[in-house]
Amino acid sequence: MKKSLRPVVYGILIIILAILIINFFNSTEIKNRMFPNTTFKKEVIEKIENKEISSLLLMEWTGSEDIVILKNRADIDYILDSLAPLKFKKVSKLPDTSKETYYIIIKDQGKNLFSFSLYGSKYMLITDFENNSIQQYEIENDVDLNKIKKFFGNGNINKNS
């Protein structure tokens, strides 16, 4: 009788262990460790502080596909300063739900430093060209898209500011 109960006991132990492991990886604390919170300032601004930014390329992908190139340092700072307070939570996958998408490239004398895609006011994908890395984030605070939209007009392609 003892030998026939052994597989049942092992089976129950394996099921309990599996439940504990699943709960462990689904806990908020573990997710926060695996996908830490950060900010736009930390992920982009601090990494380009010593660089001479020559331009920002703004693209709007909401149907019109406008392209604007900003070369005026005040306009560049305006865009970057408006994004600096964004708080992020790293995510493993971006949902495809945005109707408004903006793509921005930060350039240093023609060389791409960073690009980021802003999907509405909910998600951002950041590409660091120097470190060959791509990170996906959920935006945890409010984004004022009007600060970006103000640079786009009707059919403005390659507009220099």
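None of the figures in this text is laboratory data; all of them are computed from the coordinates on show. What you see is a predicted model, and the numbers here were worked out from it, not measured in a lab. Virtual Cβ from ideal backbone geometry, glycine too; neighbours counted across all protein chains shown.
Can you tally the net charge around residue 113? Count Lys and Arg as +1, Asp and Glu as -1, for every other residue whose Cβ sits under 13 Å from the Cβ of residue 113. Don't skip to the end; give the middle numbers.
Values: positive: 47, 51, 107, 111; negative: 43, 46, 49, 52, 108, 128, 130.
Cβ neighbours under 13 Å give a net charge of -3.
Give 87/122; 71/149; 71/107; 42/99 a once-over and call out the pairs whose C-alpha atoms are over 19 Å from each other.
Working: 87/122 11 Å; 71/149 17 Å; 71/107 10 Å; 42/99 27 Å.
As for pairs spanning more than 19 Å Cα to Cα, those are 42/99.
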The long-range amide H neighbours of residue 88, using H built 1.01 Å from N in the peptide plane and a cut-off of under 5 Å, are 38, 39, 40, 140
Residue 94 to residue 41: FRET efficiency via 1/(1 + (r/R0)^6), r the Cβ-Cβ distance, R0 22 Å, to the nearest 0.05? 0.55
I need the phi-derived Karplus couplings for the range 70-76: 6.51 cos²θ - 1.76 cosθ + 1.60, θ = phi - 60°, integer Hz, Gly and Pro marked x. 9, 10, 6, 4, 5, 5, 4
Hey, what did the range 43-93 get for relative contact order, percent, Cα under 8 Å, at least 6 apart? 27 percent
Which residues' amide hydrogens lie under 5 Å from the amide hydrogen of residue 120, considering only partners 5 or more residues apart or on another chain, with H built in the peptide plane? 100, 101, 102
So how do 10-22, 77-89 stack up, highest first, on mean other-Cβ count within 10 Å? 77-89, 10-22
Going Cα to Cα from residue 51, which aspartates and glutamates come in below 17 Å? Please leave out same-chain ones fewer than 8 positions away. 43, 75, 77, 81, 108, 128, 130
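What does the extension gain come out to for residue 133 and residue 57, with contour length at 0.36 nm per residue minus their alpha carbon separation?
On the way: separation 76, 0.36 × 76 = 27.36 nm, distance 1.96 nm.
Result: 25.4 nm gained on full extension.
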